[in-house]
Structures are given as C-alpha cells and as structure tokens.
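The values are calculated or read from the model by the stated rules, or taken from the named source; none is laboratory data. Predicted, not measured: the structure shown is a model, and the values here were computed from it. With ideal geometry, Cβ positions are generated from the backbone for all residues, glycine too; neighbour counts draw on all protein chains shown.
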Amino acid sequence: MFGLDPSFFSSLLQVIMIDLVLAGDNAVVIGLAAAGLPADLRRKAILVGIAAATVLRIIFALITSQLLALGGGLLIAGGILLLWVCWKMYRELSVSHEEEGEATEALSGNDLNADGTVAGKAPRKTLRQAVTQIIIADVSMSLDNVLAVAGAAQHHTEALIFGLALSVVMMGVAATFIARLLHRFRWIAWIGLLIILFVAVRMVLEGAGAFVTIPEIPLLYTPHATAAAAH
C-alpha cells in the first residue's frame, strides 16, 4: 500500500525539494510583477497570481501525468522541456539580491530592508499590466512544476498526488516564507536545480530506452525500468 519502498521514498524526497524550490521561484516572479503596484493593488495582484497558479497546476497535472505514462517520445520531449526549465532556473538564480528583496517585500507587504518603502524601487505599472505579466509567468511555471514533479514521482501515483497538493499549499499559504527562505539560503535553490536536472536526464534516458539499447547507469537508468512499469 502507498508504494512503501525505497524508490517511493526517494521519489517523495525529490518531489518535496522540487516543490519547495519551484514554489519559491514562482512566488518571487509574482512578487516582482506586483512590486511596481501601489500598496492597495499589490495584494490583489498577488492573490490573482496565486489563484491562477493553483488552478493551472491542477489542469496541467491531469494532462501531463497521462501523457508521460505513454512513455517513449513523450518522455524524451518532457525531459528536454525540463532541461530548458533548468536553464531558466540557472538564469533566474543570477537575479540580484536587491531584485529578490523587492519581490519578497511585495509578497510580505513589509519594509524588510528598512529603506522606508515597500518594493519602492520597482518600476511603476498598472494592475492590468501586473496581472497579465503574472498569468503569463504562471502558465510557464505551473507547467514546469507539474512536469518536474511528475518526472520525479515516476510511476508512484501517491507521490504525484502528494506533490500536487503540496505545491498548491505552498503557493497559497507559505509563498512569502519560502521566497524569504530561498532569498536567504540560495544554496537550497541550487540543490533543487540539480535535482530537476537529474530528473530531466533520467526522463530522456527512459524515453530513449524504448527505441535504442542503453546500458545501465547506476541511480539514473535501469534498462528494464520502462518495460516493468508498463506491466
């Protein structure tokens, strides 16, 4: 019951770490988009962003899990898409601490750097501009999150469901805390990036294994894994 075996716990730990990093990443993007708004509109934009991210995660989870279960070329495509996610994360990790601070202030509504303003250095924008920017980012980042979690969960449905529920809770309840945590301890995000890279490479290998013979790679690829999952 619940797949209580070493591979399940390994998948679950990967899912939790991916959720932590990507929920924080999503929160920072939402915060940056909302930072240019007046205080009375900032909270409204953040709530819209979090609600949109939650709905999109559920929709993408229903679609992605079914597609990845088909294996083969779709697994390869999913792995390549995750490699692109890794590249995006790498570039986002180079965002300055000042910009991250602006985003975190916008999310919390507090003057964290004691400069007398909350996200005061961000360029001004309208609510429509901010919400549009947030929803466009949510589409991409929600797909990234679901794809990474589905890849890490592999064939453990319980881990996939848990990961989806956890990502929704993290976005809805703990977005500000996670954003501040990743802002303070940047190494957590780098570990998350490595885990997503591992998942991406494993997905590509499993998909390619349906077409060509690939030798076993410890911890990363077992030739019979794909065939065994199909039965």
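Of the numbered criteria (1) modelled with pLDDT of 80 or more; (2) under 18 Å from the mean Cα position of the chain (by Cα), the one Thr132 fails is (2). The set of residues in the range 142-172 that are of a type outside the set (Gly, Ala, Ser), closer than 13 Å to Ala52 by Cβ and surrounded by fewer than 23 Cβ atoms within 10 Å (Cβ to Cβ) comprises Leu143, Val168.
Is it fair to say Glu216 is modelled with pLDDT under 80, farther than 13 Å from Leu22 by Cα and among the acidic types (Asp, Glu)? Yes; evaluated as a whole, the condition is true for this residue.
Just one of the listed residues (Leu112, Leu82, Leu127, Leu143) is more than 24 Å from the chain's Cα centre (by Cα) and modelled with pLDDT of 75 or more, and it is Leu127. A single entry from Thr222, Thr176 fulfils the requirement of being at pLDDT below 75 and under 25 Å from Thr54 (Cα atoms): Thr176.
Listed by first and then second residue, the pairs with beta-carbon distance under 9 Å, at least 6 apart or on different chains, first residue in the range 54-82 and touching a residue at least 40 places away in the same chain (Cβ under 8 Å) and within 14 Å of Asp144 (Cβ to Cβ), second basic (Lys, Arg) and assigned to a helix (DSSP H, G or I), are Gly79/Arg202.
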